[in-house]
Amino acid sequence: MDLQERESAEKFYPTTEMFIGEGGSYLNPEAVRMDKDGVLAGTKLQGKEAAGGMRFAPVTLKPQETVTYLVLAGFGKNRILRK
């Protein structure tokens, strides 16, 4: 499956509380178990334990077919890098 054919993540879970939920764990998070709504990309939250949960649209694969997601992450002050 071509990388250009894929869409961005549908849902985001930026805090541990939102992703794991009550009675959940990283192995069995409530966001996955209960298909909980996430937040929009760029949502800012302060004073919470950070997580990086993302949900992508379902994909049906044929035998021997694979799909790859490329996820880049970073942090820091906004600035333009110049050569």
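Just so it is clear, none of the values below were taken in a lab; they were calculated from the coordinates. Just so it is clear, the model here is predicted, and its values are computed rather than measured. All Cβ positions, even for glycine, are placed from backbone atoms using ideal geometry, and neighbour counts span all protein chains on display.
Laid out as a table, the results:
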{"item": "Simple spin-label estimate for LEU61 and ARG33 in nanometres, 7 Å along Cα-Cβ", "result": "2.6 nm"}
{"item": "Local electrostatic count, THR16, Cβ distance below 13 Å [Lys/Arg +1, Asp/Glu -1]", "result": "-3"}
{"item": "Residues of type lysines that LYS36 reaches as a straight line, Cα spacing below 26 Å, ignoring anything fewer than 8 places off in the same chain", "result": "LYS11, LYS44, LYS48"}
{"item": "Region 10-83: chymotrypsin sites (Phe, Trp or Tyr not before Pro) in DSSP loop, at most 12 other beta carbons within 10 Å", "result": "TYR26, TYR69, PHE75"}
{"item": "GLY53 long-range amide H proximity, modeled H, under 5 Å", "result": "TYR13"}
{"item": "Those trypsin sites (Lys or Arg not before Pro) in region 44-79 that DSSP places in a loop and that have at most 16 other beta carbons within 10 Å", "result": "LYS44, LYS48, LYS77, ARG79"}
{"item": "Net charge over other residues, Cβ less than 14 angstrom from the Cβ of GLY52 (K, R count +1; D, E count -1)", "result": "+1"}
